[in-house]
Amino acid sequence: MNSAGQARRGWMASGEPWIWLNAAAVGVSISAVLGLLMLIGAQGLAHFWPAAVQEVNVAGRDAPLLGEWVDHETVPLHQFLEANPGVQGEGLGEFVERRLLKTGNRREAPPDFRWINAHDIVTQASPIDALVIERTEWGNVYGQLQWVRFDGETTTNEAFTVLKRGLERATTLRDEIAAIESGIIKTINSELERLRLERRRAALRGGASGASSSGLDAREAELTVRYAAAESRLRDRQQALRRDVFSVRLADGTTTEINFGDALRAWQPNTMGIGAKLAHYGQSLWIFLSDPPREANTEGGIFPAIFGTVMMVLLMSVLVTPFGVIAAVYLREYARQGAFVRLIRIAVNNLAGVPSIVYGVFGLGFFVYFVGGAIDELLFPEALPAPTFGTPGLLWASLTLALLTVPVVIVSTEEGLARIPRAIREGSLALGATKAETLFRVMLPMASPSILTGVILAIARAAGEVAPLMLVGVVKLAPTLPLDGDFPFLHLDRKFMHLGFHIYDVGFQSPNVEAARPLVYATALLLVLIIIVLNLTAIMLRNRLEARYKSLEG
Amino acid sequence: MKHAIGRLSPRRRGVNVVTTQVVRFGGAAVIAAIALIFFYLVWVVAPLFWPADVEPLAHHDRSGAAPVLVDIDDNSEIGLALSETGVVRFFDLETGAAITSEAISNTPILDAQRVFPGGNRYVVRTAAGLFFFDAAYAVSFPAGQRTVTPRVDWPFEREPLALTGTGSFDVHRTDSTVTIATLSAAEQLTLMSFTDAEPGYPLEFGRTYIHQLETAFDRVLFGARGQWLYLIADDGVIEVWDIRVPSAPQTAFRGRLVPEGHAMLALEPLVGRLSLLVADDEQRVTQWFMVRDEFGYRMVAARDFELDAAPLMLLAEARRKGFAVLDQDLTLELAHTTAHRITARAQLDTDGTPSVDVAALSPRADRLLLATGDTMWVYAIDNPHPDVSAAALWTKVWYEGYTEPVLSWQSSAADNAFEPKFSLTPLAFGTLKAAFYAMLFAMPVAIMGAIYTAYFMAPAMRRWVKPGIEVMAALPTVILGFLAGLWLAPLLEANLVGAMFTLATLPAAFMLFAWLWRFAPATIRRACDGWYGAIAVPVLAISIWLGFAAGPVLERLLFDGDAKAWMLAELELEFDQRNSLVVGIAMGLAVIPTIFSIAEEAIYGVPRHLINGSLALGATWWQTLVRVVLLTASPGIFSAVMIGMGRAVGETMIVLMATGNTAVMDLNIFQGMRTFSANIAVELPESEVGSTHYRVLFLAALVLFAITFVFNTVAELVRQRLRTRYGSL
């Protein structure tokens, strides 16, 4: 055997290549985490940037196209030729580049997204007066502003300034309309519904007494009058909103008139400086975070989903913290340590590994249909057959997730309690404190960081969980928030929206996935950020805790 | 101690007692709630396997002449009896109290039957011909009390339609036509078609077709969807005609429903009339239906039911593929064809009356009405879930119209005639397939990553990698699923060859890099010791880039430029965009952190003196790892794999979003699957509470619960043993 062979064998035997293979596995894991975060971050954040609007002349088209580049891909030539049978492949090279242009104008000139072959692009320019208008319906419009009719006066010069002013006025009016609709009108409606139910309850109890019935009638009459007044105010605003019009020339030469009532925002990205773009970016981001969705969730914001997630998670933590802590204290401090407690501990550990959908099934069967159905029959017979609590809703979702996350809190709290040195507990008892006093003054305060860690981990898990929620309470579009100004303010029976479900729904059930994709990425980014922040907090807390106990033990 | 407590102030003592009680109660309650999950699932599932129950409910004297037809309304409240003198009588099913009666014919009734398919329309034959009537049940709420008022309605003009034949007849009704088939003594079959009319107007006559038969038949029955016409002789000879072209029917099948020399005692079509139930003189009921295979149409006997006594009468359920057999000794047997299960055998007590004239099952199959002599007997049947059995859930079932028994999951029903297919096997297969591909990717990556992190990695790097992996564990699976479905799946489809090439050659690429690394300057090598994991990231990126770039070239060289077409032609492998490969990678990413953390803990926890001893004896680091560390940590690694497996089995969102969710049974990596969890998430919100479908979905959840519970318990026990062993070392 020659020396080179020996060396090679030695190299293999040293394990060096296998070590590298193991290192590669770590590399794969790290790249997967970083890659995912970067992908979501880039795609999610890029969406709000006001991209330059391009005027593209394409071979074989008379009129130019106006829009934003949003994507591109390279296709092997043979695949391209198969997809486009009529095209000659000569002189194209081995790969063909295709770009996706968002041309908007879904109502005027569909489709709103077009794949264009890079070699078909004849000229490309960015006209400085290119205008983008965001509408309440039908997506964006790309074109050039022609004239604006504001308060009966038509302007062609300085039209963009007038347009801005008109849009500001429209925004104010729209806010007022929203305030009336979600304020007084909604309140009156919910009052009327309460009256109807009250009447029915009286009827169920066996005949309404005359006095209370006439009282209800008077109340209803008063509400109807107030409703009429509010409605006339609303109509007034709505008419005012639709007063002004502007005209836009589209890339194909046709013009379209847009009512200010349909337009939300307008900008000319090709003239914007970096400051203006940043301001626009911030505004878009804010709208995304604070507005309700529009157009079957593919546009607008995700505020109700954020709100629903937060409400659900808060309610869940209110439920899970005391129960988790009590169970842990029981297991560690009060139960007799033995085979039974060991068994329970294994069961609790195992429950953390039971699929979340199983909890969803349990929640739907037990909480919603069994408990909810019983509550409806006992407390809300007047609303039947329409269910109040016998249908998926916020309370059941929170309860289900509380059950799902209670093992996390139990395990974490138990760990915290177990780490407290015996001497401290015994010292407290020796000084005459009762068991309860030792628990409240010594044990729980010392275990509080572990409890907190457990609760944070529970929250992080609950915030990202979707499968059980699909069964016990989320909906794609909730007409009302679970918390508002109408009695009883916190509506535990209402269905709610959720960030995770929003991602699933918009990404997979929406009619226009292409248009919705950036929003899904942005939503995913938000959810990931929330969960990472929560987890890192928990990890930091745990590390601090470990340091503290080390010093205690030392 | 006692003395000390005795001197406590009442307030302090009260707090102590209350705390103890609250903690005891609360702790027990939480643990009970956790146990409740299991028991509640069992409680919902259990009724699936309970036997049915038949109880006598009432009997009352029949008033009027002997009935030729009895029936029960949709809500099982009102009975209907048509007497041979032509009077329709509605009565309360429980009390027998008459509600209304109406004479509908002046001439005596020869026979009467329900019109196929379904509904409350009846066809009656008198000497004058055929006429139709409807039983209408109007519901009103006078004074808040629900009241049902039955009456007879006339769908068409009352004038009877003259019939040519006097033998057996049958009526088939579609949205716009009514077709009547009659057998005549002259061995002729007459098909008459009419156009459906408004109430009060005569049926508009269409065409009449007369076909000469070669042999005599005693019974004629329309079959499913107007395609088939069954002609049956009393000795069991059957001819099945394809009458889609009524002027020129084709004989699709000719055969015998009972063996030669045996008698056919009863015959009844199952709901939807795809199947015929035949009772013969060997105490047996056989289900027959038409199938189409490469030899054309034929009728097959799919399954037999052994009875306790000779059958007298067969009654098919109106909404399920179930039926009741009334035996000659008046035993009632309830059976279901799909489940191949007899759910009840009950001796009916009819006061010694030996025979039954007419009988009816209610549309909900919860009441049985018998007319014997002068008495009407009503029985309550509690038979909520005959359609499921252990065999039907897990083994192959021969469904109506299929050429052979299959495993299939198709739960949604378009109408009552649809046979629901509740086979859990394809779902179990899909679940395991998804978990298998996920583990195929996750296991090597996670375990090898754990080995490097625990054993070779520089502590400074480990401090960052561990929380990084924990963050990965916390990534919501909905995000992984969304990226898998909308980003990874199209990416892999576009770069199929490149991706497969990269996956296959990645280990080789790293070996190559390791070989090249030998030639790096020693100082650099020493400085990078423990940081290989970080160096691997750019190497990985370059390898993937190179692999993807090589894809199109390889595709042209090896697969004629189209790998998908090549696979379909050469290997008969179909390609779905959302397939097992995508699921494997995405779910693998979800499982990696779980396995990684537990395995890393196990390896890191191997007592230091074992390693030092091995090294001191002259073993290299690698030898020590393989022969000492991994061996010692292997139970921990095993438990990590079990827990990872448990997570992969139950994961919902990734599978839901990254596969097509079709319940195919195929190991092909380029096809999708339907798992238990995704199936539950899709179907449970739409299933009716308490229905068989609902309970079967709960059963799926229970199976999932049981599988993961077993996995986790085994893993936990192994881990606990490991801990004691480390402790003793």
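Could we say that B:Asp387 is touching a His at 6+ places or on another chain (Cβ under 8 Å) and over 18 Å from B:Asp73 (Cα atoms) here? Give the derivation first.
On the way: touching a His at 6+ places or on another chain (Cβ under 8 Å): yes; over 18 Å from B:Asp73 (Cα atoms): yes.
Spelling it out, B:Asp387 is indeed touching a His at 6+ places or on another chain (Cβ under 8 Å) and over 18 Å from B:Asp73 (Cα atoms).
Taking helices (runs of 4 or more DSSP H) that do not extend beyond the range A:338-397, which have at least 2 residues that are surrounded by fewer than 18 Cβ atoms within 10 Å (Cβ to Cβ)? Walk me through how you get there before you give the answer.
Values: elements: A:339-351, A:356-362, A:373-379.
By residue number, A:339-351, A:373-379.
When the residues of the range A:64-95 are narrowed to those that are of a type in the set (Val, Ile, Thr) and outside any loop (DSSP other than H, G, I, E, B), which ends up nearest to A:His47 (Cα to Cα)? Show your work before the answer.
First, the residues of the range A:64-95 that are of a type in the set (Val, Ile, Thr): A:70, A:74-75, A:87.
Add one more test, that the residue is outside any loop (DSSP other than H, G, I, E, B), and what stays is A:70, A:74-75.
Working: A:Val70: 9, A:Thr74: 22, A:Val75: 25 Å.
Checking each candidate, the answer is A:Val70.
Within the range A:318-338, can one find any residue that is of a type outside the set (Gly, Ala, Ser), within 8 Å of chain B (Cβ to nearest Cβ), touching an Asp or Glu at 6+ places or on another chain (Cβ under 7 Å) and free of Cβ contacts under 8 Å to residues at least 24 places away in the same chain? Give the derivation first.
First, the residues of the range A:318-338 that are of a type outside the set (Gly, Ala, Ser): A:318-323, A:325-326, A:329-334, A:336-337.
Those left that are additionally within 8 Å of chain B (Cβ to nearest Cβ): A:322-323, A:326, A:329-331, A:333-334.
So of that shortlist, the ones also touching an Asp or Glu at 6+ places or on another chain (Cβ under 7 Å) come out as A:331.
When the remaining residues are screened for being free of Cβ contacts under 8 Å to residues at least 24 places away in the same chain, the result is none.
No, the range A:318-338 has no match at all.
If the requirement is being touching a residue at least 40 places away in the same chain (Cβ under 8 Å), aliphatic (A, V, I, L, M) and in a loop (DSSP other than H, G, I, E, B), which of these qualifies: A:Leu534, A:Leu492, A:Leu541? Explain how you work it out, then say what you get.
Working: A:Leu534 fails: in a loop (DSSP other than H, G, I, E, B); A:Leu541 fails: in a loop (DSSP other than H, G, I, E, B).
Of the residues listed, the single one that is touching a residue at least 40 places away in the same chain (Cβ under 8 Å), aliphatic (A, V, I, L, M) and in a loop (DSSP other than H, G, I, E, B) is A:Leu492.
Among (1) closer than 26 Å to B:His693 by Cα; (2) without any contact (Cβ under 8 Å) to a residue 60 or more places away in the chain; (3) touching a Lys or Arg at 6+ places or on another chain (Cβ under 7 Å), where does B:Gly64 come up short?
For B:Gly64, the exception is condition (1).
Can you list the strands (runs of 3 or more DSSP E) lying wholly within the range A:245-326 that have 3 or more residues being out of contact with any Cys (no Cβ under 6 Å at 6 or more places or on another chain) and buried (at least 18 other Cβ atoms within 10 Å of the Cβ)?
A:245-249, A:263-267
So that you can scan it fast, the table gives a plain yes or no per residue for (1) polar (S, T, N, Q); (2) in contact with a helix residue (DSSP H, G or I) (Cβ under 6 Å, 6 or more places away or on another chain):
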residue: B:Asp281; (1), (2): no, no
residue: B:Met299; (1), (2): no, no
residue: B:Arg320; (1), (2): no, no
residue: B:Leu326; (1), (2): no, no
residue: B:Leu334; (1), (2): no, no
residue: B:Thr337; (1), (2): yes, no
residue: B:Ile342; (1), (2): no, no
residue: B:Arg364; (1), (2): no, no
residue: B:Asp387; (1), (2): no, yes
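Has the range A:265-282 got at least one residue that is in contact with a strand residue (DSSP E or B) (Cβ under 7 Å, 6 or more places away or on another chain) and of a type in the set (A, V, I, L, M)?
Pass one, the range A:265-282, residues in contact with a strand residue (DSSP E or B) (Cβ under 7 Å, 6 or more places away or on another chain): A:265-270, A:280.
From what's left, of a type in the set (A, V, I, L, M): A:266.
Scanning the range A:265-282, I find at least one residue that is in contact with a strand residue (DSSP E or B) (Cβ under 7 Å, 6 or more places away or on another chain) and of a type in the set (A, V, I, L, M), so the answer is yes.
Quick check, is B:Pro538 in a helix (DSSP H, G or I), in contact with a strand residue (DSSP E or B) (Cβ under 7 Å, 6 or more places away or on another chain) and either within 11 Å of another protein chain (Cβ to nearest Cβ) or under 26 Å from B:Gln671 (Cα atoms) (or both)? Explain how you work it out, then say what you get.
Numbers: in a helix (DSSP H, G or I): yes; in contact with a strand residue (DSSP E or B) (Cβ under 7 Å, 6 or more places away or on another chain): no; either within 11 Å of another protein chain (Cβ to nearest Cβ) or under 26 Å from B:Gln671 (Cα atoms) (or both): yes.
In short, no.
Of the conditions (1) within 11 Å of chain B (Cβ to nearest Cβ); (2) over 24 Å from the mean Cα position of the chain (by Cα); (3) small (Gly, Ala, Ser), A:Ala524 satisfies every one except a single condition; which number is it?
Exception for A:Ala524: condition (2).
B:Asp562 - would you say it is touching a residue at least 60 places away in the same chain (Cβ under 8 Å) and either more than 23 Å from B:Gly588 (Cβ to Cβ) or more than 12 Å from chain A (Cβ to nearest Cβ) (or both)?
Numbers: touching a residue at least 60 places away in the same chain (Cβ under 8 Å): no; either more than 23 Å from B:Gly588 (Cβ to Cβ) or more than 12 Å from chain A (Cβ to nearest Cβ) (or both): yes.
Judged against the criteria, B:Asp562 is not a match.
What pairs come up if the first residue lies in the range A:232-260 and is farther than 25 Å from A:Leu66 by Cα, the second is of a type in the set (S, T, N, Q), and their beta carbons are under 8 Å apart, counting only those six or more places apart or on different chains?
A:Arg242/A:Asn259; A:Asp244/A:Asn259
Okay, residues lined up against (1) of a type in the set (D, E, K, R); (2) within 25 Å of A:Glu73 (Cα to Cα); (3) assigned by TED's automatic domain parsing to the domain that holds B:Tyr455:
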position: B:Ala499; (1), (2), (3): no, yes, yes
position: B:Pro507; (1), (2), (3): no, no, yes
position: B:Arg525; (1), (2), (3): yes, no, yes
position: B:Gly530; (1), (2), (3): no, no, yes
position: B:Ala534; (1), (2), (3): no, no, yes
position: B:Ile542; (1), (2), (3): no, yes, yes
position: B:Trp545; (1), (2), (3): no, yes, yes
position: B:Ala550; (1), (2), (3): no, yes, yes
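Could you check the range B:162-198 and list, in sequence order, the residues that are aliphatic (A, V, I, L, M), at pLDDT 85 or above and under 27 Å from B:Asp73 (Cβ atoms)?
We begin by selecting, within the range B:162-198, every residue aliphatic (A, V, I, L, M); these are B:162-163, B:171, B:178, B:180-181, B:183, B:185-186, B:189, B:191-192, B:197.
Remaining after also requiring at pLDDT 85 or above: B:171, B:178, B:180-181, B:183, B:189, B:191-192.
Once the filter is applied, which keeps residues that are aliphatic (A, V, I, L, M), at pLDDT 85 or above and under 27 Å from B:Asp73 (Cβ atoms), the range B:162-198 yields B:Val171, B:Val178, B:Ile180.
Which condition from (1) assigned to a loop (DSSP other than H, G, I, E, B); (2) out of contact with any Lys or Arg (no Cβ under 8 Å at 6 or more places or on another chain) is the one that B:Ser76 breaks?
Evaluating B:Ser76 over (1) assigned to a loop (DSSP other than H, G, I, E, B); (2) out of contact with any Lys or Arg (no Cβ under 8 Å at 6 or more places or on another chain) leaves (2) as the failure.
Output yes when any residue across the range A:434-441 is aliphatic (A, V, I, L, M) and assigned to a helix (DSSP H, G or I), and no when none is. Lay out the reasoning, then the answer.
Just the residues of the range A:434-441 that are aliphatic (A, V, I, L, M), to begin with: A:436, A:439.
Cutting the leftovers down to assigned to a helix (DSSP H, G or I) gives us A:436, A:439.
Looking for residues that are aliphatic (A, V, I, L, M) and assigned to a helix (DSSP H, G or I), one finds at least one in the range A:434-441, hence yes.
Starting from residues that are within 9 Å of chain B (Cβ to nearest Cβ) and surrounded by fewer than 21 Cβ atoms within 10 Å (Cβ to Cβ), keep the ones in the range A:504-521 and report whichever is nearest to A:Val474 (Cα to Cα).
Step by step, filter the range A:504-521, then rank; the result is A:Phe508.
Just to confirm my filter: which helices (runs of 4 or more DSSP H) fall fully inside the range B:598-656 and include at least 2 residues that are out of contact with any Pro (no Cβ under 9 Å at 6 or more places or on another chain) and among the β-branched types (Val, Ile, Thr)? Can you show your working first?
On the way: elements: B:608-616, B:621-624, B:630-650.
Ranges flagged: B:630-650.
Can you tell me which residue within the range B:33-57, out of those that are exposed (fewer than 15 other Cβ atoms within 10 Å of the Cβ) and among the small types (Gly, Ala, Ser), is farthest from the other protein chains (Cβ to nearest Cβ)?
So the residue we want is B:Ala46.
Tally the residues that are crowded, with 19+ Cβ neighbours inside 10 Å and among the β-branched types (Val, Ile, Thr), restricting the search to the range B:397-437.
2
Just to be sure before I move on: is B:Arg341 in contact (Cβ under 8 Å) with a residue 60 or more places away in the chain and out of contact with any strand residue (DSSP E or B) (no Cβ under 6 Å at 6 or more places or on another chain) in the structure I sent? Break it down into steps so the answer makes sense when it comes.
Numbers: in contact (Cβ under 8 Å) with a residue 60 or more places away in the chain: no; out of contact with any strand residue (DSSP E or B) (no Cβ under 6 Å at 6 or more places or on another chain): yes.
So B:Arg341 does not fit the description; no.
Based on this model, can you work out whether B:Arg721 counts as at pLDDT 90 or above, more than 7 Å from chain A (Cβ to nearest Cβ) and in contact with a Pro (Cβ under 7 Å, 6 or more places away or on another chain)?
On the way: at pLDDT 90 or above: no; more than 7 Å from chain A (Cβ to nearest Cβ): yes; in contact with a Pro (Cβ under 7 Å, 6 or more places away or on another chain): yes.
No.
Hey, B:Gly96 hits all of (1) surrounded by 16 or more Cβ atoms within 10 Å (Cβ to Cβ); (2) assigned to a strand (DSSP E or B) but one; which does it fall short on?
(2)
The values are calculated or read from the model by the stated rules, or taken from the named source; none is laboratory data. Everything numeric in this text was worked out from a predicted model, so none of it was measured. Note: ideal-geometry Cβ built from the backbone for every residue, glycine included; neighbour counts use all protein chains shown.
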